[in-house]
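Engineer: Quick one: the structure is below, and I'll ask about it shortly.
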Amino acid sequence: MSSYEENNYRLVFEAAAFIYKPKVIVEFGVLHGYSLDAFLMGAGGSKIYAYDIFDDFPYNHANYNEIKKKYASNSNIEIRKTDFFDAAQEWEDKSIDLLHVDIANDGRVYEEVLMNWISKTRKAVLIEGGGAERDNIDWMIKYNKSPMRPIIETYKKQLRIHTFEQFPSLTLIDLVQ
């Protein structure tokens, strides 16, 4: 079960897709397709590129063959096995309307989004995490992962950022002026 599902974040994904009306959605971190399904509901005609490293991730991960099979009948979805940190060069500036990142996020992932993906995105970014509780979960502490909140606070001076605090938390960066 997705931690998003436990707290009904589906509505946030559907609403973002409905409000921003994206033509191109890029998602990193597929797992069972929870947010991907929500994007389909909210933005039916969007082209969605869903990236994951699948079984290269040693913890809870998506099964490439199952995900390919699940979405095989939808020509608007392209499933790719690609690492988030290697994929930015595939995209031109302002070529993505809506970006979603959920890949065991920590401060390093947030920095990557803000340094290399914001320029690629036209309308909005949704990033898992950002809440105080999420920065203090056991694996973040055990593996000495950098927190996300200080990064968000730094960029709030430049960008319109809102964090939905309910665990696992979700941060929205609204790029529409």
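Engineer: What does the charge count near Ile79 come to, summing +1 for each Lys or Arg and -1 for each Asp or Glu among other residues with Cβ under 12 Å from its Cβ?
Structural biologist: Working: positive: Lys68, Lys69, Lys70, Arg80, Lys81; negative: Glu27, Asp52, Glu66, Glu78.
Computed value for this residue: +1.
Engineer: Please figure out what share of the DSSP beta bridges in the chain is antiparallel and state it in percent, rounded to the nearest 5.
Structural biologist: 35
Engineer: Can you compute the helix-only [θ] at 222 nm over the chain? Use -39500 (n - 2.57) per DSSP H run of at least 4 residues, normalise by all residues, nearest 500 deg cm²/dmol. Mind dumping the intermediate values first?
Structural biologist: On the way: 9 runs with 57 residues, N = 177.
Helices in the chain give a 222 nm mean residue ellipticity of -7500 deg cm²/dmol.
Engineer: While we're here: State the extension gain, in nm to one decimal, for the chain segment bounded by Ile137 and His32, taking 0.36 nm per residue of separation less the distance between their alpha-carbons.
Structural biologist: Working: separation 105, 0.36 × 105 = 37.80 nm, distance 2.16 nm.
Between Ile137 and His32, full extension yields an extra 35.6 nm.
Engineer: How high is the relative contact order of region 87-177, given as a whole-number percent (alpha carbon pairs under 8 Å, six or more residues apart)?
Structural biologist: Details: 150 pairs, mean separation 29.5, N = 91.
With pairs under 8 Å counted, the relative contact order is 32 percent.
Engineer: Can I ask one more? So what is the relative contact order of the chain, in percent, for Cα pairs below 8 Å that sit 6 or more residues apart?
Structural biologist: In percent, rounded to a whole number, it is 20.
Laboratory data are not the source of any read-out in this text; all were calculated from the coordinates shown. Being a predicted model, the structure only gives us computed values, none of them experimental. We place every Cβ from the backbone using ideal geometry, glycine too, and count neighbours over all the protein chains shown.
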